[in-house]
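**Q** I have a structure here, written as structure tokens, and I will follow up with some questions on it.
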Amino acid sequence: MGSATSELPSLRLPLTDRAETGLKIVVVGGFGVGKTTLVRSVSEIRPLNTEEVMTRAGVGIDEPDPASRKSTTTVAFDFGRISLNDRMVLYLFGAPGQERFWFLWDRLFAGTLGAVVLVDTRRVDDCWYAIDRLEHHRTPFVVAVNRFEQDGVRYSLGEIRQALALPAHVPMVECDARDRQSAKDVLITLVDHLYDMAMAQEATP
Amino acid sequence: MRRRPVDTGDPDRLYTVTGGRHRAGESLDLVTLLVSECEPTAGMQSEHARILELCRHPTAVVEVAAELRLPITVVRILLADLLDAGRVTARHPRAAPSLAGLPDSQLLKEVLHGLRNI
Ligand SMILES: Nc1nc2c(ncn2[C@@H]2O[C@H](COP(=O)(O)OP(=O)(O)O)[C@@H](O)[C@H]2O)c(=O)[nH]1
Ligand SMILES: [Mg+2]
């Protein structure tokens, strides 16, 4: 088992002055599935927590009563960082996949390269909604199955693919979110997938 | 480092921090990098001064928010002030893909290379 880094520096590990391009990948999944763990495993800084506030007006709910405009919703999410080279910085966002948070996704994650849907086979239902939304927004994603030892029944990836009604083109991997190499492999699987899609698109006139 | 969400349910608090302005055009991306163009000056709003200190090196919008412990929405407004005044400059994401679009393969190749080397 690799080292899930416990001694990560805090945010004030400055980027190089040449850093110019920020990129985003989103890790989404149900509560306790290992999102923060995965981000921590690959991040060069300790995952930080921040939040977005949304007024109901911004959610698209028609609300004639002016008093109710005061009503706001807060969603917290955490993020980590990977300096890819002098100029490019990848930010990883861990975000709750529950239905009630999705109104924020367009705002928070517009322009993301792609997403990792993290699945705990004991609670597969938790990710249905996330997958549905990602497909709707045509955001490329991979599905990573975080294996917990307590998971008595070890469903095969094929069985999980079937349970999730995942199309064949969506890559699936197993991972251990606590393991740096394993978490890295999940990200590489996603970017490989994006690369293949981009190549196919560029080959089409 | 994990903290409870700050009390942001109160719109009046947002109003106070941002001086009551609700301008358009504060749509900075979460990963837009900000760089200070000057040092903080005496009498400057403390949040502005703090941002100028943070952004001596490139710092993403989301990092500014985490460090100041303020919601993204508020930070965007504070940053818009500083951008308008020329006190910070923004390095926008180069390849924010369109809705159904993908970044070009060359950029993705660089990302892959970077990931393999960390
Ligand atoms: N056994 C095992 N435990 C894990 C794994 N990934 C995460 N955990 C644990 O599961 C709990 C929830 O993980 P966390 O990353 O906080 O979940 P989040 O809510 O999705 O951010 C933590 O106690 C982790 O240590 C894994 O791969 N195997
Ligand atoms: Mg978490």
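**Q** Run the quick spin-label model on B:N117 and B:S27: label points 7 Å from Cα toward the beta carbon, then report their separation in nm to one decimal.
**A** 3.5 nm
**Q** Leaving ligands, DNA and RNA out of it, rank A:V145, A:V124 by accessible area with a 1.4 Å probe, largest first. Before the final figure, lay out each step's value.
**A** Numbers: A:V145 0, A:V124 25 Å².
Result, largest first: A:V124, A:V145.
**Q** Return, ordered by residue number, the residues of the stretch B:57-88 whose backbone nitrogen is under 16 Å from a label point located 7 Å along Cα→Cβ of A:T16.
**A** It comes to B:57-59, nothing else.
**Q** Using θ = phi - 60° and the Karplus relation 6.51 cos²θ - 1.76 cosθ + 1.60, list the HN-Hα couplings for the stretch A:188-199 in order, rounded to whole Hz, with x at every Gly or Pro.
**A** For the stretch A:188-199, the Karplus-derived couplings read 5, 4, 5, 5, 4, 4, 4, 4, 4, 5, 5, 4 Hz, x marking Gly and Pro.
**Q** Could you calculate the FRET efficiency of A:R154 with A:F31 from 1/(1 + (r/R0)^6), where r is the beta carbon distance between them and R0 is 22 Å, rounded to 0.05?
**A** The pair A:R154/A:F31 has a calculated efficiency of 0.50.
**Q** Can you compute the FRET efficiency between B:M44 and A:N85 using 1/(1 + (r/R0)^6), with r the Cβ-Cβ distance and R0 = 25 Å? Round to the nearest 0.05.
**A** Values: r = 34 Å, r/R0 = 1.38.
It comes out at approximately 0.15.
**Q** Peptide B:31-42: average number of partner chain Cβ atoms within 10 Å per residue?
**A** Numbers: counts 12, 1, 6, 0, 4, 0, 0, 0, 0, 0, 0, 0.
Average per residue, whole number: 2.
**Q** Right, next: Take the Cβ-Cβ distance between B:H92 and A:I188 as r, set R0 to 22 Å, and report the resulting FRET efficiency rounded to the nearest 0.05. Spell out each step's value before the answer.
**A** Values: r = 26 Å, r/R0 = 1.19.
So the FRET efficiency works out to roughly 0.25.
**Q** Something else about it: Summarise the partner chain shielding of A:90-98 as one whole number: the mean count of Cβ atoms from other chains within 10 Å of each residue's Cβ. All intermediate terms of the calculation are to be shown ahead of the outcome.
**A** Numbers: counts 5, 7, 0, 3, 0, 0, 0, 0, 0.
Per-residue shielding by partner chains comes out at 2.
**Q** When you look at the Cβ of every residue in A:113-119, what mean number of other chain Cβ atoms sits within 10 Å? Walk me through the numbers on the way to the answer.
**A** Numbers: counts 8, 4, 0, 0, 0, 0, 0.
That works out to 2 on average.
The values are calculated or read from the model by the stated rules, or taken from the named source; none is laboratory data. Being a predicted model, the structure only gives us computed values, none of them experimental. Virtual Cβ from ideal backbone geometry, glycine too; neighbours counted across all protein chains shown. Heads up: the accessible areas ignore ligands, DNA and RNA and are worked out on the full protein's heavy atoms, side chains in. Shrake-Rupley method; radii C 1.70, N 1.55, O 1.52, S 1.80 Å.
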